[in-house]
Amino acid sequence: MKRFGQVIGVRPEHFERYKKYHAAVWPEILDMIKKCNMQNYSIFHKDGLLYAYFEYTGTDFAGDMAKMAADPKTREWWSIMEPMQDPVSPRKKGEWWANMDEVFHLD
């Protein structure tokens, strides 16, 4: 299992709408997240930033992320979410949510 932390900005004028969508995430989205070996997924908010945490239990992260990106319902969800988000700078090429480095974990 690998832990992931990610960060992205959320546009202040869209934050309430963003929260409403995430209070009732479409079942197809939740199912795809699970099918792509992601679990214990949470998103936190602080001062205009969203912080995501999830655990990946698969063996082919790139393949699972490609599978997710190819899913039509996920693409529809992203088309609604992306205009509400504001990617941080700097971030690596190809990242929407910027990956964070883990510096501490206690089991």
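The values are calculated or read from the model by the stated rules, or taken from the named source; none is laboratory data. For clarity, every value in this text was computed on a predicted model and none was experimentally measured. Cβ placement follows ideal geometry from the backbone for every residue including glycine, while neighbour counts extend to all protein chains displayed.
Just one of the listed residues (ILE80, ILE43, ILE29) is touching a Ser or Thr at 6+ places or on another chain (Cβ under 7 Å), at pLDDT 95 or above and farther than 17 Å from LYS2 by Cβ, and it is ILE29. The set of residues in the stretch 67-82 being under 14 Å from the mean Cα position of the chain (by Cα) and not charged (D, E, K, R) consists of MET68, ALA69, THR74, TRP77, TRP78, SER79, ILE80, MET81. Being under 30 Å from PHE104 (Cα atoms), touching a residue at least 60 places away in the same chain (Cβ under 8 Å) and small (Gly, Ala, Ser): is that true of GLY48 here? No: the conditions fail for GLY48.
Going through the stretch 43-66 one residue at a time, which ones are charged (D, E, K, R) and surrounded by fewer than 16 Cβ atoms within 10 Å (Cβ to Cβ)? Don't jump to the end; show me each part of the working.
Start the filter on the stretch 43-66 by keeping residues that are charged (D, E, K, R), which leaves 46-47, 55, 60, 64.
Correct list: LYS46, ASP47, GLU55, ASP60.
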